[in-house]
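Please read the structure below before turning to the comments.
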Amino acid sequence: MDGSTVCTPRANRCTHQGCFISTEASGNKGDFIYESLMNTAVDIDSLEADSHLDEVWIKEVIKKSGMKLKWSKLKQDKVRENKDAVKRPQGDPALLIPRSPVVAIMGHVDHGKTTLLDQLRKTQVAAMEVGGITQHIGAFLVSLPSGEKITFLDTPGHAAFSAMRARGAQVTDIIILVVAADDGVMKQTVESIQHAKDAQVPIVLAINKCDKAEADPEKAKKELLAYDVVCEDYGGDVQAVHVSALTGDNMMALTEATVALAEMLELKADPTGPVEGTVIESFTDKGRGPVTTAIIQRGTLKKGSILVAGKSWAKVRLMFDENGKTINEACPSMPVGIIGWRDLPSAGDEILEVESEARAREVVDWRKYEQEQEKSKEDLKLIEEKRKEHQEAHQKAREKYGTLPWKERSFIKYKEKKQQQPLKLKEKVERDSDVLPIIIKGDVDGSLEAILNIMDTYDASHECELELVHFGVGDISENDVKLAETFNGVIYGFNVNASNVIQQSAAKKGVKIKLHKIIYRLIEDVQEELSSRLPCAVEEHIIGEASILATFSITEGKKKIPVAGCRVQKGQLEKQKKFKLIRNGHVIWKGSLISLKHHKDDISVIKTGMDCGLSLDEEKIEFKVGDGIVCYEEKEVPAKTSWDPGF
C-alpha cells in the first residue's frame, strides 16, 4: 500500500485496496475517528466530511481505537476471454471454383414476380400463393436447359416487407427488378432499387405484363432514369428484357441475361474448409423441430456438421432441397433445408461451422453472455436516468413545499395521494378502451419479423396505445389464450392454426382469435380493431338553410323576445333539430329554437321557399338582416385510426 492511501473521516471504510475499519464490532460510532485524531498532528478543524487521510493517520486511528489492522484487496471482476466464432480469412485464390449466382426477384406487389418465378422453375408455387403475394422468403435452385443453375430468393414485393427484402439483398449477387409495363415505377419499386444500391448488387430489369394492350415498356424505362437505373437502350449498363410472366414469353431471354451478367461478375467460392452461410428462413415443424433454409456461401455442408447461428447451434441430422428431397451435401450458392437445431435461429443470422459440440456450446454461451452484458449496460443506463428523474422530482417537491407550514404541506400531500388512488371500475374500463394489447403468432421467423416491423411504424399512441404483449413462431396455444385473457387482448395468427379445443377455450374466456393468410389483411384487421376502440366522431348533417330578412321583437309577459323573419333557401327547417346562427361566415350561436311560426301558426317543419318567424333559446343573441340560419343534426360516425402502415 503506497503513501497515497486515503480514508474519509466520517466513514468507516477506506476505499483504497479494500481497507475497512470495523466500528460495529467495537461498538464505536463513526465519530471515534475524530476522537482518535485529537492527539495527533492532524488539524481537526480543517477536516471536512470528504477529506482524505494518509495511510499513516489511518494506522494511527486504528491503533488508538484498539482495533486490529487487516489489509485486503478489492475483488476485481475477471475479464472473460472472447470465445466467439468468426469467419476464417480469405483462402488461396487457386482453390476457388465457379459457383451459381444467387438471384433475388424484387418489385411492387401485383407486378407479377411470383408468376415470373413460377415460369422460371416450372412449378405451381404461384398457384398456391394466396392473393398473389409471397408471404415469406424461400430459396430455390433452378436448372436451366443450358445446364446453368441459378438460385432464386423469393422475396416479398410489398412496401411493408422492406426489412425482408433488405435481408434478401445481403446474400444476393444479382437482382431481377420486376416492373409492370402498365403500371410503371411504384413506391415499392423505388424501395427495391434502394436496397439493391445499398447492397451494391447489379440489376437486370424485367418489364412484365407486356402482353397487355395498355402496356408501355418505354414509359417504364424512362421513369427508371430518375432513379439512376439506366437501360442499355439509353446508354446505360442495365439489361432490360420485355417479358410476360403469364404467357411465358421471353423467359429464356431473361435467364440468358442473368447468366451473362453472372459470367461478367466471375462468381467464385471456396468449397473446402469450414462452412459459412446465411439463414434465409427459420420455422418450427411439429415433426422435425426447428428447421432453417440457408444459402451456403463457403465450404461444403455435410450431414453431422456442427453449426452455429446467432445464439443457437446444430448438429446436422438431415438436409433437404427445395423439393423436400434428402441430400447428403450442399455446395456454395446452394439453398438447403437444415434439421438438427437446438433452438430456432433468426432469419439473416450468419452460419459458421465449428469443430465440436463443446465448441458450439462455448460460442453460444459467449454470445449469450455478451447479450447479457449489453442488457446490463442498458439497464444501468435506464436506472441512472430514472434516478436522475427521481432526484429532480424530489428537488422540485422540496422547492414546492419548502416555504409552506407543515399543516398546509400535509394537506397538499394528502390531496395528491388521493388523486393517485386505484381507478374505479368505470374509469378502468374507459382507460382499457384506450389500449389494444395484442399477441402475434407467425408460421416462420421471417413473416413474424415483417409483421413486427410494420407494428414498429405505429404512430397513433395519442389515440389508442398498441401494446405488444407476446409474439412467437408456432400455432396458437393455451398459454397465448391465458395471456390474452389476462391483458384483455386480441390474438392474431398468420399462417398458423388454432385447434378446436383452443378456439372453444378462447370463446369461453371472451378472447378474440383472428387468423389470416395475407399479411396486409392482418394489418387491416389490427387497424379496424384500433378504430373500434376510438370514441365515435360527431358529424353535422345539414337539413336546411334560411336567411334572415327582417328582425323584430314580441312581448311575452314582461320579457321582450327577439324574433327573426326568415325565408328557407334550401332544404327545410325542423323545430326539433339543432340550429346555428351564421354571421360573416362565423358561427356565433348554437342551440335550439323555442318558437317556429308560419304567419301566426306554430309549426314543426317549414320547407324551401316559405317564410317563417323563429326565436332562439338564447335571449341575449341579437339578429341582423343578412344573417344565416342553419338547421342540422349530429350523427355519430365510427372513428378511424390515423395510423398509416404504408400500403
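The values are calculated or read from the model by the stated rules, or taken from the named source; none is laboratory data. Predicted model only: the values in this text are computed from it and were never measured. Cβ atoms come from the backbone with ideal geometry, glycine included; neighbour counts cover every protein chain shown. Just the protein is used for accessible areas: all its heavy atoms, side chains included, with ligands, DNA and RNA removed. Shrake-Rupley method; radii C 1.70, N 1.55, O 1.52, S 1.80 Å.
Within the stretch 616-647, being open to solvent by less than 90 Å² (accessible area, probe 1.4 Å) and either in contact with a helix residue (DSSP H, G or I) (Cβ under 9 Å, 6 or more places away or on another chain) or without any contact (Cβ under 8 Å) to a residue 60 or more places away in the chain (or both) holds for 616, 617, 618, 621, 639, 641, 643, 645, 646, 647.
Here is a yes/no grid of residues against (1) open to solvent by 100 Å² or more (accessible area, probe 1.4 Å); (2) modelled with pLDDT of 90 or more; (3) within 30 Å of the chain's Cα centre (by Cα); (4) not hydrophobic (A, V, I, L, M, F, W, C):
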residue: 336; (1), (2), (3), (4): no, yes, yes, no
residue: 360; (1), (2), (3), (4): no, yes, no, no
residue: 370; (1), (2), (3), (4): no, yes, yes, yes
residue: 377; (1), (2), (3), (4): yes, yes, yes, yes
residue: 406; (1), (2), (3), (4): yes, no, no, no
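Looking across 504, 576, 569, one residue alone is without any contact (Cβ under 8 Å) to a residue 60 or more places away in the chain, open to solvent by 80 Å² or more (accessible area, probe 1.4 Å) and assigned to a loop (DSSP other than H, G, I, E, B). It is 576.
Please work out if residue 80 is open to solvent by 10 Å² or more (accessible area, probe 1.4 Å) and at pLDDT 85 or above. No.
Regarding the stretch 250-258, can at least one residue be identified that is under 29 Å from residue 320 (Cα atoms), touching a residue at least 40 places away in the same chain (Cβ under 8 Å) and assigned to a loop (DSSP other than H, G, I, E, B)? So far as the stretch 250-258 goes, no, none of its residues is under 29 Å from residue 320 (Cα atoms), touching a residue at least 40 places away in the same chain (Cβ under 8 Å) and assigned to a loop (DSSP other than H, G, I, E, B).
Among the residues of the stretch 512-528, are any touching a Ser or Thr at 6+ places or on another chain (Cβ under 9 Å), in a strand (DSSP E or B) and of a type in the set (Asp, Glu)? No, the conditions are met nowhere in the stretch 512-528. Against the test of being among the charged types (D, E, K, R), touching a residue at least 12 places away in the same chain (Cβ under 8 Å) and surrounded by fewer than 20 Cβ atoms within 10 Å (Cβ to Cβ), the options 524, 540 yield a single qualifying residue, 540. Search the stretch 89-118 for residues being free of Cβ contacts under 8 Å to residues at least 40 places away in the same chain and in a helix (DSSP H, G or I), and hand back the single one that is surrounded by the fewest Cβ atoms within 10 Å (Cβ to Cβ). Among residues in the stretch 89-118 that are free of Cβ contacts under 8 Å to residues at least 40 places away in the same chain and in a helix (DSSP H, G or I), the one surrounded by the fewest Cβ atoms within 10 Å (Cβ to Cβ) is 94.
Taken over the stretch 301-323, the residue count meeting the criterion of being in contact with a strand residue (DSSP E or B) (Cβ under 8 Å, 6 or more places away or on another chain), over 22 Å from residue 361 (Cα atoms) and surrounded by fewer than 19 Cβ atoms within 10 Å (Cβ to Cβ) is 2. Output the number of the condition that residue 345 fails; it satisfies all remaining conditions of (1) part of a loop (DSSP other than H, G, I, E, B); (2) of a type outside the set (S, T, N, Q); (3) at positive phi. Unmet condition: (3). Applying the criterion of being at pLDDT 90 or above and not hydroxyl-bearing (Ser, Thr, Tyr) to the residues of the stretch 324-333, the residue that is least open to solvent (accessible area, probe 1.4 Å) is 330. Listed by first and then second residue, the pairs linking a residue in the stretch 380-404 that is without any contact (Cβ under 8 Å) to a residue 40 or more places away in the chain to a residue that is open to solvent by less than 90 Å² (accessible area, probe 1.4 Å) and hydrophobic (A, V, I, L, M, F, W, C), with Cβ atoms under 8 Å apart and 6 or more places separating them unless they lie on different chains, are 401/412; 404/412.
Quick check on the stretch 461-472. Is at least one of its residues surrounded by fewer than 22 Cβ atoms within 10 Å (Cβ to Cβ), in a loop (DSSP other than H, G, I, E, B), touching a Pro at 6+ places or on another chain (Cβ under 7 Å) and of a type in the set (Val, Ile, Thr)? Looking through the stretch 461-472, none of the residues is surrounded by fewer than 22 Cβ atoms within 10 Å (Cβ to Cβ), in a loop (DSSP other than H, G, I, E, B), touching a Pro at 6+ places or on another chain (Cβ under 7 Å) and of a type in the set (Val, Ile, Thr). Among residues of the stretch 273-288 being more than 18 Å from residue 86 (Cβ to Cβ) and among the polar types (S, T, N, Q), the one that is most open to solvent (accessible area, probe 1.4 Å) is 284. Beta carbons closer than 8 Å, at least 6 apart along the sequence or on distinct chains, pair a first residue in the stretch 222-237 that is over 17 Å from residue 175 (Cβ atoms) with a second that is open to solvent by less than 60 Å² (accessible area, probe 1.4 Å) for 223/184; 223/185; 226/185; 233/221; 233/240; 234/221.
Taken over the stretch 215-264, residues that are modelled with pLDDT under 85 and among the hydroxyl-bearing types (Ser, Thr, Tyr) amount to 1. May I ask you to list the residues in the stretch 543-560 that are farther than 18 Å from residue 625 by Cβ and surrounded by fewer than 17 Cβ atoms within 10 Å (Cβ to Cβ)? Scanning the stretch 543-560 gives 555, 556, 557, 558, 559, 560.
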